[in-house]
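Notes follow the structure.
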Amino acid sequence: MSKLARRYWASLTDTNVESVELLIEYGRQRNATLWRRYVASLLDMPVTCGAATGTKQTAGPTPAPTSTIFYDMETVVDIGTTPPNRGSWWRGAGLAFVTLLALTVAFGVSRVLPPAPGVATPATSVDAAYHTVKDPVGYVISIPRGWAREETQGKLQPVVTYTAPGGQRRLMVFEVMESSVTESSALAQSVAEGAKGYHYLDRRTGADWTEFSYRYESKQYGATKSIDHRFQAADGTPYAIIASGPPGTDMTDQLTQAVNSLCPTGAHCP
């Protein structure tokens with residue numbers, strides 16, 4: 001072994017070794033670091049033609065090739081081959097250097113590169129304050145939990161009223177019979193104008209819906225604010241949902257949940 005090679009291995013192991021035998025002996029000590037023991041095991045495993053080989057001298061015929069690996073950072077390979085020539089040691093040293101370099105680069109890259117992003121799973125948001133019910137009248141709708149249901153017969157269609165505990169907030173749902181939601185809403189406004197204390201507040205209109213809001217004096221509930229929303233359901237059926245409560249009460253969320261969730265029985269709703 002040349003002096004240059006000895007100095008190279010001494011720099012790797014941080015010790016003054018004068019021969020490969022001393023390096024192997026030092027590396028096999030149990031108190032040596034793992035990577036020094038790994039280098040020692042590589043030097044004790046000569047390489048020929050890219051394959052690790054060693055020689056075990058036995059009396060008699062050459063034994064059949066065997067391979068034994070011990071997982072305590074010491075590797076023994078006995079495959080019954082002929083002794084390697086002098087150049088095989090250099091190939092083994094080169095293999096050891098390439099292995100150490102690959103491990104160093106891989107470790108450095110794993111420290112620098114960010115972890116691969118995970119596959120995002122679409123989130124499903126379920127508001128605990130609401131639940132979906134299948135109403136016997138013929139639709140599915142989302143209403144606040146704890147609200148009571150009452151059904152009455154209107155002039156042309158059943159009217160279902162969902163009432164909050166205490167009776168101050170209500171959602172009234174029914175199918176309208178007019179040819180369009182615009183016509184139905186205009187008739188509803190003309191009727192509401194005859195209510196005691198009627199006061200018009202606002203009107204909004206969309207592609208297939210329209211709503212108007214107003215205040216009036218209810219015989220049963222006193223001062224009341226109502227939002228009358230009329231729209232076409234997924235199957236084209238026109239419906240009305242009227243949200244009512246005391247003035248100053250925000251019924252927007254309850255109305256929006258009901259309108260967006262109403263789906264007539266048998267219809268395909270998104």
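Values computed for the structure shown
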| item | result |
| --- | --- |
| Neighbours by Cβ (under 7 Å, 6+ apart or cross-chain): first from region 194-211, of a type in the set (A, V, I, L, M); second surrounded by 12 or more Cβ atoms within 10 Å (Cβ to Cβ) | 195/216; 201/213; 201/214; 201/215 |
| Within region 228-244, tally of residues that are surrounded by fewer than 20 Cβ atoms within 10 Å (Cβ to Cβ) and in a strand (DSSP E or B) | 1 |
| Only one of 228, 235 that is modelled with pLDDT under 95 and under 19 Å from residue 175 (Cβ atoms) | 235 |
| Qualifying residue in region 213-220 (condition: touching a Leu at 6+ places or on another chain (Cβ under 8 Å), under 25 Å from residue 129 (Cβ atoms) and surrounded by 14 or more Cβ atoms within 10 Å (Cβ to Cβ)) | yes |
| Single residue of 225, 196 found to be buried (at least 18 other Cβ atoms within 10 Å of the Cβ) and over 24 Å from residue 153 (Cβ atoms) | 225 |
| Test: residue 208 is modelled with pLDDT of 95 or more and of a type in the set (D, E, K, R) | no |
| Residues of region 149-160 that turn out to be in contact (Cβ under 8 Å) with a residue 24 or more places away in the chain and either surrounded by fewer than 11 Cβ atoms within 10 Å (Cβ to Cβ) or acidic (Asp, Glu) (or both), as a count | 0 |
| Selection from region 130-148 of residues that are more than 12 Å from residue 263 (Cα to Cα) and either surrounded by 15 or more Cβ atoms within 10 Å (Cβ to Cβ) or touching a His at 6+ places or on another chain (Cβ under 7 Å) (or both) | 130, 143, 144, 145, 147 |
| Any chance residue 146 is more than 28 Å from the chain's Cα centre (by Cα) and either touching a residue at least 24 places away in the same chain (Cβ under 8 Å) or part of a strand (DSSP E or B) (or both) | no |
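To keep it simple, each residue is scored yes or no on (1) within 46 Å of the chain's Cα centre (by Cα); (2) not in a helix (DSSP H, G or I).
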site	(1), (2)
168	yes, yes
184	yes, no
188	no, no
200	no, yes
213	yes, yes
217	no, yes
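The values are calculated or read from the model by the stated rules, or taken from the named source; none is laboratory data. These figures come from a predicted structure and were not determined experimentally. We place every Cβ from the backbone using ideal geometry, glycine too, and count neighbours over all the protein chains shown.
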